[in-house]
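In what follows, a structure is listed as structure tokens, so that the remarks can point back to it.
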Amino acid sequence: MSNKKNERLYIAYGSNLNLEQMARRCPTAEVVSKTHLHNFRLMFRGKGTAVATVEKQEGGKVPVLVWRLQPSDEYNLDLYEGYPNFYRKEMLRISVNGKRVSAMIYIMNAAKHPYDTPSRSYFETIRQGYESAGFDIKILHQGVLNSVWEGYLAKKYQGGGDGYDRDC
């Protein structure tokens, strides 16, 4: 039975799109809607084993599932996401079933995590989530390509990790 007072809406864009994985991790979580996060892009960061994050980008679009979480689900996600050190929580306004609502999202604390590619198994977990939700897989592929490119630029120009040469 759901406890409306303590539940929270959560925006998932990476491995938490995978329904089987979420069922194990957050057994009382429920999918509320599928939608898009506008003016963001999907990226991958992390030394050795890159994981998904979102970054602001004008005109960008990231497919997301909106979940209804109970406090125990959120606790489990906090542990999985390495909150508050690896990921932080932000509240965003998003359209769900035609209404604007506030929902929580995990966003990587990116300063110490360079752009890189995800492992094959992590990518596959996200791909399965994209397919089961009916999302365009090209967005996932583009996120990997953008991360490779940004990582290359950051290394080439010794930038601050964002891929831009500030001496131009």
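The values are calculated or read from the model by the stated rules, or taken from the named source; none is laboratory data. These numbers come from a predicted model, not from an experiment. Note that each Cβ is placed from the backbone with ideal geometry, even for glycine, and that neighbours are counted across all protein chains shown. In case anyone asks, the SASA skips ligands and DNA or RNA and just uses the protein heavy atoms, side chains included. Shrake-Rupley method; radii C 1.70, N 1.55, O 1.52, S 1.80 Å.
For segment 121-145, a residue qualifies if it is open to solvent by 50 Å² or more (accessible area, probe 1.4 Å), touching a residue at least 60 places away in the same chain (Cβ under 8 Å) and either among the charged types (D, E, K, R) or in a helix (DSSP H, G or I) (or both), and the qualifying residues are Q128, S132, D136, Q142.
For beta carbons closer than 9 Å, sequence separation of 6+ or different chains, a first residue in segment 34-51 that is closer than 13 Å to V64 by Cα and a second that is outside any strand (DSSP E or B) and of a type in the set (D, E, K, R), there are no qualifying pairs.
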